[in-house]
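In what follows, a single structure is set out as structure tokens and then discussed.
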Amino acid sequence: MSNYTTTVGIEVHVELKTKTKIFSSSKNDYANMANTHVNVIDLGYPGTLPTLNKEVIRKAIMASYILNCDINKKMHFDRKNYFYPDLPKGYQITQARTPIGTDGYVEIEIDGKKKKIGIHDIHIEEDTCKSIHYNNSSLLDFNRSGVPLIEIVTKPDISSSKEAILYLEKLRELLLYADISDCKIEEGSMRCDVNVSVSKTSKLGTKIEVKNIGSISNVKLAIDSEEKRQIALLEQGNTLKEETRRFDEKTSSTILMRVKETGNDYRYFPEADIPYLCLDQEYIDEVIKEIPMLSSKRRELYLKAGISEINVNKILQNRAISDYLNRYLDKNINLVIASNLLLGDIASYLNKMNVTIDETHFNMDKFIKVVNMLDNKDLSSKVFKEILVDLFETDNDINDLLVKHGIVEIKVDDLKKIIKNIIDNNTANVLEYKNGNDRIFKYFIGQVMKETKGSADPILVNQLLLEELNK
Amino acid sequence: MSNYLELSITEINKLLKNKEIKPIDLVLEAIERIEKNSDLNAFITLDKENAIERAKELENKEVDNLLFGIPIAVKDNIVTKDLRTTCASHMLENFVPIYNATVVEKILDKNMIIIGKCNMDEFAMGSTSRTSYFGAPLNPWNKTKIAGGSSGGSASCVSARLVPLALGSDTGGSIRQPSSYCGIVGMKPTYGRVSRYGLIAFASSLDQIGPMTGCVYDNALLLNAISGHDDNDLTSSYKEVEDYTRLIGKDIKDMKIAVPNFFMSDIVDQEIKNKVENIIELLKNNGASVDYIDINYIENAVTLYQIIAMGEASSNLARFDGVRYGYSCSNPKNIDDLYKRTRQEGFGNEVKRRIMVGSYLLSGKNATTYYNKALQIRDDITKSFKEAFTKYDLIIGPNTTTVAYGINENLDNPLQTFLDDVLVIPVNMAGLPGMNVPIGFNKDNLPIGLQIIGNSFEEAKMYQLASFIEKELNLDLRPKEVK
């Protein structure tokens, strides 16, 4: 069995994050109530013509660039003709002959080694309606009709399900950070088809396509089960036919949809309703400049600022946190403290309240002040926790809040005085401590905390107390 | 009955401005004429009530432009909001659009009054208008003859002066050929001059809407009104709209004119050639030069047209599937049955034939063997025309090889319909403007027309020549059979 090699190619459909649809002015927002973002163009009404959303071209240029593709400067659209109820015009407008991006790659790291997964092409196309099967009839939601897509097609460079997952995760992160798509696989804004073949020789085996897999983990299961199924069939002496299958979540296996006969004939021809599109280098350069900071660059900057690798990974898993942190990159504040706050107390408050930070009163000025105070030990994290809710929910200044909570922070010098005072008035206990009774130390801490009404930073108290006792 | 509709637009406008007549007088006259001549079968739908209502609304408005209050007929493949648009097909027999074509918005902005929707070949596929689901319109010069097609209804109603103006569409001669058969002025503008938004597509890379009128000046006026870039049509040109009447009346001295040899070859009826030769003499006598030239591949244009137009049509007509609008077969067993029977029952034979041939031409390797090759040769034809226009102002020749033929002639020969268009199709291939101007009658008193071809966006120059010929010939173009 082990002398078989597996070859996988992946086609990913990604919905682009644009305000309007690709060929009409309807809103691109199909999560809303069915058939509310629909006009005559989306319905394929007789006499209508497509217009072209520039934003789609911009995002597709960005995608081509970050996936290291050559960008086609002169391109056109083609019609892919077939009948299906979810296809209102009887053809899909796509790019068959002049895809916007060609011959790129995505770099993954597998077992410590880098590997480039080749991108055959990236092309722009329109999404179809969503079919909803209800009782014995099919209903159509045209909100999705004309939603802009890019299809990213790999070369047959992937040789295991592990590589497939790494590729998809990397691809997703790239597209997400470039703001090209929200890449929600479960909601259908990123959809994967995989082509799997196995072979004992250097010649590629028969290609089996598994369509519309609903999650990255299912991609792994689909490839693994296909690999096993195909090898078993070959070992029994069968020959394989090109097929389209689907993944069945219940059984973690694939189910036959149809055998590919002579290859589908989509009667592609150039779309005459959209003239050739010529992109000049200046425009392309401008678009590339607008690509938001990618995750690799962010990682580099965060690590340089001293944020731990664990926290960097946590930040990068949540684009909103990373974007927020980036606002302070040029503000000369302690980013370690800032990231701790964002991942800790702030994140839990925002999650609990289900709001974004910009919807609260915790503005950038406050954030900078808090980070600096924590950095200068003018504020303890314990006190910060106490005033947290007020920071989010009122316009009060931090100093006012400290007074309000009766916990004006103890300055280090003041704290030192208090500690010296306690030690001076407890000579008996000091002696006992010096004779080796460690438990007395806790007594001193308790005294200091009592004196400071709990507003002192315990770590600082610990440190100063030790210094004073060991004099 | 009044005879206002036999006047030119400028004359009607004067009467309206002087308050000697009101728009309602024009509308009532048009309706009366249409109803009296209903045997012409020029209209599929008459919009009587709305036209009258609109005419009354206009009474309180200032006569602000030459086209104000003028009744117009619209070919039934141009969508009109709330007014049935059938494409002369069973498929769209009861189809009432929910939006207006851009040209319709434009003529309504000029306060024109839409009288009704004109008969045509089904989905504009044909050159006789006999493929109409509603029966063929007749030629007002001889009611046993075809009006031509596909804009046969538009040509018939203008020729009979049922309305002064109509809109047609021209994919492979569908404005010029019926205009020639019916003795009216018809212009197929440069591809991209007039928005196609709302024109139910036959062949997207060839279709163009244009004006069909009784005289040259009126034609230029209507082109002024409907031209211009449209954000809804990416193939519409940004080129500024000029006043297309601006060269009318200017002399043609020193104008350089070319006649393609192919246009005067044996395929053309001798009587027609004689008339064209008379025109050539007339032009020479008035200081123009006329040379005979060759345009490459022009004789192959019909073959290219069949490949390109049918290929595109097979895709454009895929949307008529019975799911969302139009005809839908009863009790379909499943989705495939719905598609098959809806299209089988909804489309006529010529449309089905073209969809089948077009699908075949785009299938598998055929796409490269035929379609892509056709696009290449199409480029060569365009280049050859462009080359000619570096030396000549205009190209002329006949529009048709024969005059209008019998309503029952050539019925069993589907290829004949394409051969009718052998002289008009090259213009569509090259995206150039082409027009018909009447130049006389044959021995049976059937109209003969001259085709004038211009360089892209040089419609004004074409009108200059056409109006010169119109003035010199001073033909009476009112058919006598009309009531």
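The values are calculated or read from the model by the stated rules, or taken from the named source; none is laboratory data. Predicted model, so just to flag it, every value in this text is computed and none were measured. Glycine also receives a Cβ, built like all others from the backbone with ideal geometry; neighbour counts cover every protein chain displayed.
Against the conditions (1) within 17 Å of the chain's Cα centre (by Cα); (2) modelled with pLDDT of 95 or more; (3) not in a strand (DSSP E or B); (4) not aromatic (Phe, Trp, Tyr), B:Asn94 satisfies every one except (1). Restricting A:Tyr45, A:Tyr84 to those that are free of Cβ contacts under 8 Å to residues at least 24 places away in the same chain, in a loop (DSSP other than H, G, I, E, B), in contact with a helix residue (DSSP H, G or I) (Cβ under 9 Å, 6 or more places away or on another chain) and within 10 Å of chain B (Cβ to nearest Cβ) reduces the list to A:Tyr45. Restricting B:Ser236, B:Ser227, B:Ser289 to those that are within 14 Å of another protein chain (Cβ to nearest Cβ) and among the hydroxyl-bearing types (Ser, Thr, Tyr) reduces the list to B:Ser236.
Yes or no: region A:226-237 includes at least one residue that is assigned to a loop (DSSP other than H, G, I, E, B), assigned by TED's automatic domain parsing to the domain that holds A:Cys192 and of a type outside the set (A, V, I, L, M). Checking region A:226-237: at least one residue is assigned to a loop (DSSP other than H, G, I, E, B), assigned by TED's automatic domain parsing to the domain that holds A:Cys192 and of a type outside the set (A, V, I, L, M). Of the numbered criteria (1) of a type in the set (Val, Ile, Thr); (2) in a helix (DSSP H, G or I); (3) within 14 Å of chain A (Cβ to nearest Cβ), the one B:Val323 fails is (2). Only one entry in A:Tyr84, A:Tyr91 is of a type outside the set (Gly, Ala, Ser), under 30 Å from B:Ile335 (Cβ atoms) and at pLDDT below 95, namely A:Tyr84.
Take the residues in region B:213-239 that are part of a helix (DSSP H, G or I) and of a type in the set (A, V, I, L, M, F, W, C), then tell me which one is surrounded by the most Cβ atoms within 10 Å (Cβ to Cβ).
B:Leu222
Considering region B:326-347, the residues that are farther than 19 Å from B:Gly126 by Cα, small (Gly, Ala, Ser) and surrounded by 15 or more Cβ atoms within 10 Å (Cβ to Cβ) include one that is nearest to the other protein chains (Cβ to nearest Cβ), namely B:Gly326. Residue count for region A:88-129, restricted to those that are within 14 Å of another protein chain (Cβ to nearest Cβ), touching a Ser or Thr at 6+ places or on another chain (Cβ under 9 Å), of a type in the set (Ser, Thr, Tyr) and in contact (Cβ under 8 Å) with a residue 24 or more places away in the chain: 1. Scanning region A:265-307 for residues being away from chain B (no Cβ under 14 Å) and either in contact with a Phe, Trp or Tyr (Cβ under 9 Å, 6 or more places away or on another chain) or assigned to a helix (DSSP H, G or I) (or both) gives a total of 23.
So which of B:Ala73, B:Ala88 ends up being outside any strand (DSSP E or B) and small (Gly, Ala, Ser)?
On the way: B:Ala73 fails: outside any strand (DSSP E or B).
Answer to the check: B:Ala88.
Taken over region A:13-28, the criterion of being touching a Pro at 6+ places or on another chain (Cβ under 6 Å) and more than 14 Å from chain B (Cβ to nearest Cβ) is satisfied by A:Leu16, A:Thr18.
What strands (runs of 3 or more DSSP E) lie completely within region B:112-199 and have 2 or more residues being surrounded by fewer than 24 Cβ atoms within 10 Å (Cβ to Cβ) and either of a type in the set (S, T, N, Q) or within 12 Å of the chain's Cα centre (by Cα) (or both)? Give the derivation first.
On the way: elements: B:113-118, B:142-146, B:165-169, B:185-188.
Counting at least 2 such residues, we get B:142-146.
Checked against the criterion of being among the β-branched types (Val, Ile, Thr), farther than 23 Å from A:Glu15 by Cα and modelled with pLDDT under 95, region A:217-226 contains not a single residue that satisfies it.
Scanning region B:408-437 for residues that are surrounded by 20 or more Cβ atoms within 10 Å (Cβ to Cβ) and over 24 Å from B:Ser205 (Cβ atoms) turns up just one, B:Val437.
Hey, any hits in region A:69-79 for a residue that's of a type in the set (D, E, K, R), in a strand (DSSP E or B) and closer than 22 Å to B:Tyr325 by Cβ? For region A:69-79, residues of a type in the set (D, E, K, R), in a strand (DSSP E or B) and closer than 22 Å to B:Tyr325 by Cβ: present. Across region A:430-471, the qualifying residues are those that are aromatic (Phe, Trp, Tyr) and within 51 Å of the chain's Cα centre (by Cα), and the one among them that is surrounded by the most Cβ atoms within 10 Å (Cβ to Cβ) is A:Phe444. Among the residues of region B:343-394, write down those that are among the hydroxyl-bearing types (Ser, Thr, Tyr) and part of a helix (DSSP H, G or I). Once the filter is applied, which keeps residues that are among the hydroxyl-bearing types (Ser, Thr, Tyr) and part of a helix (DSSP H, G or I), region B:343-394 yields B:Ser359, B:Tyr360, B:Thr368, B:Thr369, B:Tyr370, B:Tyr371, B:Thr382, B:Ser384.
A count restricted to region B:81-100 and to residues that are at the interface with chain A (Cβ under 10 Å from one of its Cβ atoms) and closer than 19 Å to B:Ser150 by Cα stands at 4.
Filter region A:137-160 down to residues that are within 21 Å of the chain's Cα centre (by Cα), surrounded by fewer than 24 Cβ atoms within 10 Å (Cβ to Cβ) and under 24 Å from A:Lys113 (Cα atoms), then give me how many there are. So the count comes out to 1.
Can you pull out the residues in region A:135-158 that are modelled with pLDDT of 95 or more and among the small types (Gly, Ala, Ser)? Of everything in region A:135-158, those that are modelled with pLDDT of 95 or more and among the small types (Gly, Ala, Ser) turn out to be A:Ser145, A:Gly146.
Do the conditions hold for B:Asn300, that is, is it part of a loop (DSSP other than H, G, I, E, B), surrounded by fewer than 18 Cβ atoms within 10 Å (Cβ to Cβ), more than 14 Å from every other protein chain (Cβ to nearest Cβ) and at pLDDT below 95? Explain how you work it out, then say what you get.
On the way: part of a loop (DSSP other than H, G, I, E, B): no; surrounded by fewer than 18 Cβ atoms within 10 Å (Cβ to Cβ): yes; more than 14 Å from every other protein chain (Cβ to nearest Cβ): yes; at pLDDT below 95: yes.
Spelling it out, it is not the case that B:Asn300 is part of a loop (DSSP other than H, G, I, E, B), surrounded by fewer than 18 Cβ atoms within 10 Å (Cβ to Cβ), more than 14 Å from every other protein chain (Cβ to nearest Cβ) and at pLDDT below 95.
Under the condition of being of a type in the set (Lys, Arg) and touching a residue at least 60 places away in the same chain (Cβ under 8 Å), the residues counted in region A:150-182 number 2. Entry remark, region A:29-54: residues being charged (D, E, K, R) and surrounded by fewer than 16 Cβ atoms within 10 Å (Cβ to Cβ) number 2 in total.
Within region B:348-369, if we keep just the residues that are among the polar types (S, T, N, Q) and without any contact (Cβ under 8 Å) to a residue 40 or more places away in the chain, the residue that is farthest from the other protein chains (Cβ to nearest Cβ) turns out to be B:Thr369. Checking every residue in region A:400-423 against the condition of being over 35 Å from the mean Cα position of the chain (by Cα), farther than 22 Å from A:Leu466 by Cα and loosely packed, with under 13 Cβ neighbours inside 10 Å gives at least one match. The set of residues in region A:48-74 being within 14 Å of another protein chain (Cβ to nearest Cβ) and of a type in the set (A, V, I, L, M) consists of A:Leu49, A:Leu52, A:Val56, A:Ile57.
Evaluated against (1) part of a helix (DSSP H, G or I); (2) surrounded by fewer than 18 Cβ atoms within 10 Å (Cβ to Cβ); (3) over 21 Å from the mean Cα position of the chain (by Cα); (4) not basic (Lys, Arg), A:Glu169 falls short on exactly one condition, (3). Among the residues here, A:Ala31 does not qualify as more than 7 Å from chain B (Cβ to nearest Cβ) and in contact with a Gly (Cβ under 9 Å, 6 or more places away or on another chain).
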